[in-house]
Amino acid sequence: SDGGGRRQRIWDITNVGASWPTGALPPLVGQTNQISGIYAHSNWVSDDKRYLFSWDENNVIDISVHDITNPAAPIEINLFQYSENSQYNAIPHNGEVRAKYLYVAYYEAGLRVFDISNPYAPLEVGKAETYRDADGDGDYTRGISGSYDGAWNTYPFLPSGNILVSDMYGGLFIVRADPPYPTPDAPTATGQRDGSDNVILNWNAVDNARGYSVERSFVSDGVYELIAEHLITQSFLDSSARGQTAFYKVNAINGEGVGTSSIISIAPNPSQSPTKMPTGKPSSSPTHLPTKQPTNLCLRKGQICPPNPLSCCSKKCKKGKCT
């Protein structure tokens, strides 16, 4: 975190044990965009190393999320604040990620827990009021004024699953985070082809799902590839399976786990025979034929007979004439 530099920087510390020249820094891999007015105080990376969560201690944006799949070019994907921010403007200080949850020491707002299974749409799912309600009796003895008082840090990595929260006034708190909801049910998915042979998938909304993902294979019992994730609608169009039978699974996801649909197969549209084009050439034969001459005519006596005497009715020809 670069403090007044208003951004996060990513350094290559592969050779962290090396002897660095005085004043030298490790190689800079990448950096986030600058966000005006913030104080870039601290950050934490998701367990899969794909997303960077950062805290602003100047009370401007509170929390930012960057996709760092390519650490040389971080992409800002979300900014968010705690659930009561519109009423009580608290400031975040430090935070950590464990599994699919983000734990934030939010000064006067105490500990705040977010489901980050969909980093494009984090959801606050729990809290511990270490500052306003230190004795836990439900009565707030202090208010939120946007000061640097209250929960200062948190530690969610104890083997017991308990969470430590240090509060500048209340001291050390040990809290337990119960699951906010169960693992999502499996969605029911259907699919069809459109006129361009694209696959259109649809599925039902699942309670407490924070997002949906789609997996595809071209073999029913083969390896399934993730082709879409973090969807918040109940449909998806796949334009890269034209002309092939494809098999799909749809996942409903939240911080507790994944519910996976049954496999559905979608065959390609039947091939259509091409329309025969005219050649533009006239027909080689006329469409009407001359009438065939009758076969029962013969030449009578005295008529000039052809070389073939059978043309005469008498079948005889003498001196060039039928007899």
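The values are calculated or read from the model by the stated rules, or taken from the named source; none is laboratory data. Quick caveat: nothing in here was measured; it's all calculated off a predicted structure. FYI the Cβ positions are ideal-geometry reconstructions off the backbone, even for glycines, and counts take in every protein chain you see. Keep in mind that these areas ignore ligands, DNA and RNA; they rest on the heavy atoms of the full protein, side chains included. Shrake-Rupley method; radii C 1.70, N 1.55, O 1.52, S 1.80 Å.
Side notes on the structure shown:
- The residues of the stretch 161-256 have, on average, 51 Å² of accessible surface per residue, using a 1.4 Å probe with all protein chains present.
- Put Phe53, Phe236 in order of accessible area, highest first, and with a 1.4 Å probe you get Phe236, Phe53.
- Less than 5 angstrom separates the built amide H of Asn59 from those of Tyr39, all sequence-distant by 5 or more or on a different chain.
- Against the rule of thumb 2.2 N^0.38 Å, how large the Cα Rg of the stretch 135-176 comes out: 1.31
- Separation between Cα centres of the stretch 84-131 and the stretch 233-259, rounded to whole Å: 30
- Global size of the stretch 109-172 as Cα Rg and Dmax, reported in angstrom: 12.9, 35
- Shape summary of the stretch 166-269, radius of gyration then Dmax from alpha carbon positions: 18.5, 68 Å.
- Dipole magnitude for the stretch 77-236: computed about the Cα centre from +1 point charges on Lys and Arg Cβ and -1 point charges on Asp and Glu Cβ, it is near 200 debye.
- Neighbourhood charge, 14 Å Cβ-Cβ cut-off, centred on Ala73 and excluding it, Lys, Arg +1 and Asp, Glu -1: +1
- A viscosity of 1.567 mPa s and a temperature of 4 °C, combined with the Kirkwood radius over Cα pairs in Stokes-Einstein, give a translational diffusion coefficient for the stretch 17-136 of 84 µm²/s.
- Close amide H partners of Ala228, meaning residues 5 or more places away or on another chain with modelled amide H under 5 Å apart, are Val214.
- Cα centroids of the stretch 12-44 and the stretch 179-230: 39 Å apart.
- Surrounding net charge for Gly143, when Lys and Arg each add one and Asp and Glu each subtract one, Cβ distance under 14 Å: -4
- Extension gain, Ser235 back to Ala99 (0.36 nm per residue minus Cα-Cα distance, nm): 46.3 nm
- Peptides 106-119, 153-166, 200-213, ordered by how many other C-beta atoms sit within 10 Å of their residues on average, highest first, read 106-119, 200-213, 153-166.
- Oblate is the label for the stretch 194-247, because the ratio a/c of its alpha-carbon gyration tensor axes (a ≥ b ≥ c) is 1.5 or higher and a/b is not greater than b/c.
- Ordered from largest to smallest accessible area (heavy atoms of protein chains, 1.4 Å probe), the residues Thr183, Thr14, Thr69, Thr22 come out as Thr22, Thr14, Thr69, Thr183.
- Each label point was placed 7 Å from the Cα along the Cα-to-Cβ direction; for Asn70 and Ser147 their separation is 4.7 nm.
- Gyration tensor verdict on the stretch 1-56 (Cα atoms; rounded if a/c is under 1.5, prolate if a/b is larger than b/c, oblate otherwise): oblate
- Magnitude of the charge dipole, the stretch 167-246, Cβ model with Lys/Arg +1 and Asp/Glu -1, debye to 20: 80
- Residue-count net charge about Asn153 - beta-carbon cut-off 10 Å; Lys, Arg +1, Asp, Glu -1: -2
- Accessible surface, 1.4 Å probe, highest first, among residues Asp135, Asp48: Asp135, Asp48
- Taking 0.36 nm per residue of sequence separation and removing the Cα-Cα distance, the Asn33/Tyr88 pair yields an extension gain of 17.0 nm.
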